[in-house]
Amino acid sequence: MWNHFPWAAESFKHVAPRYRDALVSHIKDNIDFEDCTDEEVTACILKMAANRYRDRRYRLHKYCNELQEKGIDPVTQPYRNWAGSSDDWRWLCEHFGSEAFQRRSETNKVNRSKIDSIHMQGSASFAQGMKRMVRNYICNHTL
């Protein structure tokens, strides 16, 4: 399905709605979602698709960096099993090399280095995790 997605977009939310709608329709047609409303299913599909899109973009960015470190122009060697258009690949390579992207990337690296604890609770926030810990402690230590 990703082969039919345009990659020349800043993020998944910037992908044209017709592509997102086609993805949602494709998944709904092939999977039976019992006990869920249409809105819940659509929201879940779009959230998962946005995460996968972001993860793939990260792998593409990492690949471009590896080629540049070897002194190879990434535009000349698309990512393995790349089925997107050559224009999209060129756009991605130029986007990853742009000054704005590099500046944002460096800022994010610095911010991540300041984090002293690793979040390992899945989609639950620290506050939700603390609430769960307190509730479990109280439940396990009462007579």
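Please treat every number below as a calculation from the coordinates, not as lab data. Predicted model only: the values in this text are computed from it and were never measured. A quick note on method: Cβ atoms are made from the backbone with ideal geometry, for glycine too, and the neighbour counts reach across all protein chains shown.
What percent do you get for the relative contact order of the chain when only Cα pairs under 8 Å and 6+ apart count? Each step should come with its number before you reach the end.
Working: 51 pairs, mean separation 38.3, N = 143.
In percent, rounded to a whole number, it is 27.
Mean Kyte-Doolittle hydropathy of -0.5 or higher plus an axial Cα length of 18 Å or more: which whole DSSP H helices in the chain meet both? If you can, show how the numbers build up before the last one.
Values: long enough: 17-30 (20 Å, -1.14); 38-69 (46 Å, -1.16); 99-113 (21 Å, -1.89); 126-140 (21 Å, -0.37).
Counting only whole DSSP H runs, the qualifying helices are 126-140.
Which one of ALA22, TYR137, PRO6 has its Cα pushed farthest toward the positive end of the charge dipole of the chain, where Lys and Arg give +1 and Asp and Glu give -1 at the Cβ?
Among ALA22, TYR137, PRO6, the one farthest towards the positive end of the dipole of the chain is TYR137.
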